[in-house]
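The values are calculated or read from the model by the stated rules, or taken from the named source; none is laboratory data. Here the structure is a predicted model, which means the values were calculated and not measured. Note: ideal-geometry Cβ built from the backbone for every residue, glycine included; neighbour counts use all protein chains shown. Surface areas here come from the heavy atoms of the whole protein model, side chains and all, with no ligands, DNA or RNA. Shrake-Rupley method; radii C 1.70, N 1.55, O 1.52, S 1.80 Å.
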Protein chains: 2
Amino acid sequence: MTFTQLPLTDITADACSSPLARAAIAPESADTLARSLKALADPARLRIISIVSAHADQEACVCDLTDQLTLSQPTISHHLKVLVDSGFLTRAKRGTWSYYSLVPGSLSSVAGVLAGV
Amino acid sequence: MTFTQLPLTDITADACSSPLARAAIAPESADTLARSLKALADPARLRIISIVSAHADQEACVCDLTDQLTLSQPTISHHLKVLVDSGFLTRAKRGTWSYYSLVPGSLSSVAGVLAGV
């Protein structure tokens, strides 16, 4: 499964409005939102996002994740790739390690569409 | 794939806070949230929620949905079952037809966990 970079900020600019619950969503917007949700809809990926966000400087390397998740490094690398490709995480390579941080606003863009009436 | 009724309101009561992005999420909470997101991560299901919400009285029958979606009635029924089982829609049977409405707060509960920092 591959995920292309999604224009998350295009879904909605307001984290507390709820276009989804107020007007019929366009088919193309439904496709885009479904792809973003699919990238998030995995317990390991949710935990990775959460660990990265809770880490000092909101940045974590793979070693930080292997410490907290009972998953192999290749499995964690796969989940990280999905989250980078779908626009939720960015990667910065420094020396031997890659460091991952949350893309600001990426979660709130999705949340904005889902926020209830 | 089946979805059990999820305690969506237990994830968070505040649609604009973001527990996920502030502290490491517990594995059980990640499982619950992932199941909810998986139920939503389908373009047809997102469109169904949107059509139901935008409809008069925020209630729609299968006939309203077949009018707007280019999907067979069995396929729509499958998606409706997933959304009912996962706690996003409720069904009320009146006469020949079943009417579906959005469970208040179900989308905002999920959005509350995702809302960005």
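Structure values in brief
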item: Verdict on A:LEU107 being modelled with pLDDT of 90 or more, open to solvent by less than 10 Å² (accessible area, probe 1.4 Å) and out of contact with any helix residue (DSSP H, G or I) (no Cβ under 6 Å at 6 or more places or on another chain); result: no
item: Subset of segment A:20-45 that is assigned to a helix (DSSP H, G or I) and more than 25 Å from B:THR32 (Cβ to Cβ) - its residue that is modelled with the highest pLDDT; result: A:ASP31
item: Some residue of segment A:58-79 being open to solvent by less than 40 Å² (accessible area, probe 1.4 Å), within 16 Å of the chain's Cα centre (by Cα) and closer than 24 Å to B:ASP42 by Cα; result: yes
item: Any hit, segment A:83-105, residues being touching a Gly at 6+ places or on another chain (Cβ under 6 Å) and not β-branched (Val, Ile, Thr); result: yes
